[in-house]
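Accompanying notes for the structure given below.
The values are calculated or read from the model by the stated rules, or taken from the named source; none is laboratory data. Computed from a prediction, not measured in an experiment: that's the story for all the values here. When we count neighbours, we look across all protein chains shown, and the Cβ atoms used for this are built from the backbone with ideal geometry, even at glycine. The area values use the complete protein model at the heavy-atom level, side chains included, leaving out ligands, DNA and RNA. Shrake-Rupley method; radii C 1.70, N 1.55, O 1.52, S 1.80 Å.
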Amino acid sequence: DIQMTQSPSSLSASVGDRVTFTCRTSQRISSYLEWYQHKPGKAPEILIYAASSLQSGVPSRFSGSGSGTNFTLTISSLQPEDFATYYCQQSYSTPYTFGQGTKLEIK
Amino acid sequence: QVQLQESGPGLVKPSGTLSLTCAVSGGSISSVNWWSWVRQPPGKGLEWVGQIYHSGSPNYNPSLKSRVTISVDKSKSQFSLKLTSVTAADTAVYYCARYNNNAFDIWGQGTRVTVSS
């Protein structure tokens, strides 16, 4: 299985801040990397697919980059609704695997 | 707009069988997608359980492979999950999701299943 490592595990930030999350994979996966936002009691929502493509309807303050084994998700200017847990997931091979998540909290 | 809705018992006894169904509405279950199950144990991250194509070709997580069966019923526009010999470690919120263009792009709201006597 491809192991996914996200950092940090949690992050405190303020509205308006720029934040970056990191995801590393145990083997090269080209650009087969997705990012999801998950709020308590709700279904996860996809933000970014293929490492850097913005899902339709997702605000442009979200962006993704990377390939191979190192990937990042950036939120350019935090909004109140962005406080959630963020997961990366590889779609390179089954079993699809997720990172352990980064919890974004209000400072 | 495709929507997914999980249903099934919220409590299962240890060693029993967990059975969930996901109803697909607003689109065809026979479209070119994989229909998936993902779970989240309390306080933990997301785990892919498995998926099935509308033609009935399943693909399972090896960690669960001996216990899991995913099937599709096109006449009812739904797909199902069965997990046998459950233990407390199978307690989780179970989500059904559509896997499209290498991403889980549509999710159900999730259903909480507790394994307890």
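Here is how the numbers come out for the structure above:
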| read-out | value |
| --- | --- |
| Qualifying residue in segment B:76-92 (condition: at the interface with chain A (Cβ under 10 Å from one of its Cβ atoms) and free of Cβ contacts under 8 Å to residues at least 60 places away in the same chain) | no |
| Sole exception among (1) surrounded by fewer than 16 Cβ atoms within 10 Å (Cβ to Cβ); (2) under 23 Å from B:N102 (Cα atoms) for A:P40, by number | (2) |
| Evaluation of A:S65 against (1) small (G, A, S); (2) in contact (Cβ under 8 Å) with a residue 40 or more places away in the chain; (3) away from chain B (no Cβ under 14 Å) (one fails), failing number | (2) |
| Every residue from segment B:56-75 that is open to solvent by 50 Å² or more (accessible area, probe 1.4 Å) and either touching a residue at least 12 places away in the same chain (Cβ under 8 Å) or out of contact with any Ser or Thr (no Cβ under 9 Å at 6 or more places or on another chain) (or both) | B:S57, B:P58, B:S63, B:K65, B:R67, B:T69, B:S71, B:K74, B:S75 |
| Evaluation of A:S77 against (1) open to solvent by 30 Å² or more (accessible area, probe 1.4 Å); (2) in contact with a Ser or Thr (Cβ under 8 Å, 6 or more places away or on another chain); (3) away from every other protein chain (no Cβ under 14 Å) (one fails), failing number | (2) |
| Segment A:86-98 residues that are closer than 17 Å to B:P58 by Cβ and within 7 Å of chain B (Cβ to nearest Cβ), paired with ones that are of a type in the set (S, T, Y) and not in a loop (DSSP other than H, G, I, E, B) (beta carbon under 9 Å, 6 or more apart) | A:T94/B:Y60; A:P95/B:Y60; A:Y96/B:S36; A:Y96/B:Y99 |
| Cβ-Cβ under 9 Å pairs, at least 6 apart or on other chains, segment A:46-58 side at positive phi, far side open to solvent by 20 Å² or more (accessible area, probe 1.4 Å) and outside any loop (DSSP other than H, G, I, E, B) | A:A51/A:S65; A:A51/A:G66; A:A51/A:S67 |
| Answer residue from segment B:103-117, given it is surrounded by fewer than 18 Cβ atoms within 10 Å (Cβ to Cβ) and of a type outside the set (D, E, K, R) and is nearest to the other protein chains (Cβ to nearest Cβ) among those | B:Q109 |
| Criterion (in contact with a Pro (Cβ under 9 Å, 6 or more places away or on another chain), under 19 Å from A:H38 (Cβ atoms) and among the hydroxyl-bearing types (S, T, Y)) met by exactly one of B:Y60, B:Y95, B:Y99 | B:Y95 |
| Top-ranked residue of segment A:1-37 - restricted to ones that are of a type in the set (V, I, T) and part of a loop (DSSP other than H, G, I, E, B), ranked as most open to solvent (accessible area, probe 1.4 Å) | A:V15 |
| Sole exception among (1) under 23 Å from A:D17 (Cβ atoms); (2) without any contact (Cβ under 8 Å) to a residue 40 or more places away in the chain; (3) within 14 Å of chain B (Cβ to nearest Cβ); (4) not polar (S, T, N, Q) for A:A43, by number | (1) |
